Amino acid sequence: MGVTRKLRMGMVGGGPGAFIGPVHKMAAELDGKIELVAGAFSQSAERSRVAGEGFGIDVNRAYAGYLEMLESERKRADAIDFVVIATPNHLHLPVAVESLAAGFAVMSDKPATATYDEVLKLEAAVAKAGLPYGLTHTYAGYSLVREARAICASDELGSIRKIAVEYLQGWLSKPLETTGQKQAGWRSDPALNGPGGCIGDIGTHAFHLVEYVTGLRVTGLNATLRSVVPGRKLDDDCSAFLKLNNGASGVLMASQVAAGEGNGLRLRVYCEKGSIDWKQEDPNRLRVKWLDRPEEIRHAAAGYLSGDARAVTRLPGGHPEGYIEAFAVLYREFAEVLTARSRGEAGALPATLPGIVAGVRGMRFIDRAIKSSRAERWVEF
Ligand code: NAD
């Protein structure tokens, strides 16, 4: 029969003032299948306790560090079922490796690790542990991204010829990292972030969306990375040409100095008979543009959508779903994997849920983009 109670989650990161940790809690708990019960929320024991109180968990399970959390939770009859990683990037590898070694499944935020070498170690650790490892490329959870994916997998538009993806933000247009701002601080420090700045932070989301939606694989790229803001140690603006394995070409733009932009992620896929166009800031509409007939706008939750798109909608049409709900789709799929395993089933990740394969490709993308930019030439993927 397997687990019938809520799955228990332990979080690393997500302390007071953190961005994505609280989002993980909201998303994980949305469908009533998971609850946050423990965490090592901060590198400070006191701040971890404050966060635990804020999240409403038993403060005895708000630990001073993630090793203490793993050690203590292992001994409990009501131990956590999995660990979620919502820390700066340099901790993704050690927390994931230790969690897997302690017997816990892992849901990690992206990028999978700080460096390409690290992700190869993580890949080996995931294989050795034989436990589920999910990666929260949030945009994969949107219903209309699943619709775009279903369109590309069908022959509706014919073969793919050209891809344009852009992820434009403006929040690092000034040297925010010199002001003590938490999120900008570690993201601008190579030791905490890894060598890819904007390319790692949001370029990886854009890259993932391209491969996730089209089903194609990038085989080569020619990238230019720049640090536009004086004194910034990592790239904040990136442009790349892509070669795809079906002969199509792509253009990827990622910038955090695109003044005035919020979270401007947009994907366009041009095919023989028409194209698709999806924007994260207008996520409930997917434009399908035809060569020989008027443009179509597909609405989230509509009955005419593909089964994959309808499977991840919670509300009737006209009631907007957004970022939290998309995030929650990934958690729901992860919970289903853990529940299947508790019934003795194999419990592999579904193809719709990003995992270690996407993690390795994302880190390779960062690595190749940096190499290409330094050498000022095309590099093979
Ligand atoms: P943040 O700085 O807001 O939060 C990081 C948290 O980790 C802080 O609370 C910090 O105290 C805590 N932390 C640091 N060291 C720790 C340690 N040793 N033990 C326990 N906690 C520790 O950063 P953020 O913006 O929330 O980003 C966190 C991660 O999430 C990054 O890897 C980032 O790339 C990723 N992220 C993903 C998305 C997405 O859309 N999926 C969005 C934002 C951030």
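The values are calculated or read from the model by the stated rules, or taken from the named source; none is laboratory data. Quantities reported herein were computed from a predicted structural model and do not represent experimental measurements. Here Cβ is always computed from backbone atoms with ideal geometry, including for glycine, and neighbour counts include all displayed protein chains.
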Regarding segment 293-301, can at least one residue be identified that is within 18 Å of the chain's Cα centre (by Cα) and basic (Lys, Arg)? no
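Listed here are the residues, each with its yes/no results for (1) under 30 Å from LEU338 (Cα atoms); (2) touching a Lys or Arg at 6+ places or on another chain (Cβ under 6 Å); (3) in a loop (DSSP other than H, G, I, E, B); (4) modelled with pLDDT under 95.
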site: GLU118; (1), (2), (3), (4): yes, no, no, no
site: ALA125; (1), (2), (3), (4): yes, no, no, no
site: GLY134; (1), (2), (3), (4): yes, no, no, no
site: VAL145; (1), (2), (3), (4): yes, no, no, no
site: ILE151; (1), (2), (3), (4): yes, no, no, no
site: GLU166; (1), (2), (3), (4): no, yes, no, no
site: GLY170; (1), (2), (3), (4): no, no, yes, no
site: ALA184; (1), (2), (3), (4): no, no, no, no
Pick from segment 188-200, criterion free of Cβ contacts under 8 Å to residues at least 60 places away in the same chain and part of a helix (DSSP H, G or I), ranking: farthest from the ligand (Cβ to nearest atom): PRO190
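Would you kindly identify the strands (runs of 3 or more DSSP E) lying entirely within segment 262-308 that contain at least 1 residues that are in contact (Cβ under 8 Å) with a residue 60 or more places away in the chain, crowded, with 20+ Cβ neighbours inside 10 Å and of a type in the set (A, V, I, L, M, F, W, C)?
Answer list for segment 262-308: 264-271, 274-279, 285-290.
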Name the pairs: first residue in segment 15-34 and within 20 Å of HIS137 (Cβ to Cβ) and touching a residue at least 12 places away in the same chain (Cβ under 8 Å), second residue near the ligand (Cβ under 7 Å from one of its atoms) and β-branched (Val, Ile, Thr), Cβ to Cβ under 9 Å, at least 6 apart or on different chains? ALA18/THR87; ILE20/THR136; GLY21/VAL12; GLY21/THR87; VAL23/THR138; HIS24/THR136; ALA27/THR136; ALA27/THR138
Could you please find all residues in segment 24-51 being within 12 Å of the ligand (Cβ to nearest atom), part of a helix (DSSP H, G or I) and of a type outside the set (D, E, K, R)? HIS24, ALA27, ALA45, SER48, VAL50, ALA51
I'm checking my understanding of the structure. Among residues of segment 230-251 that are out of contact with any helix residue (DSSP H, G or I) (no Cβ under 9 Å at 6 or more places or on another chain) and within 27 Å of TRP186 (Cα to Cα), which one is surrounded by the fewest Cβ atoms within 10 Å (Cβ to Cβ)? PRO230
Let me confirm something: among SER342, SER255, which residue is more than 20 Å from the chain's Cα centre (by Cα) and touching a residue at least 60 places away in the same chain (Cβ under 8 Å)? SER342
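From the set of residues in segment 339-355 that are in a loop (DSSP other than H, G, I, E, B) and farther than 17 Å from ARG146 by Cβ, which is modelled with the lowest pLDDT?
Among those residues, the one meeting the criterion is GLY347.
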Positions within segment 52-100 being within 24 Å of VAL337 (Cα to Cα), assigned to a loop (DSSP other than H, G, I, E, B) and under 27 Å from the mean Cα position of the chain (by Cα), in sequence order: ALA79, ILE80, ASP81, THR87
Given the criterion of a type in the set (D, E, K, R) and within 16 Å of the ligand (Cβ to nearest atom), identify the matching residue among GLU325, GLU376, GLU380. GLU325
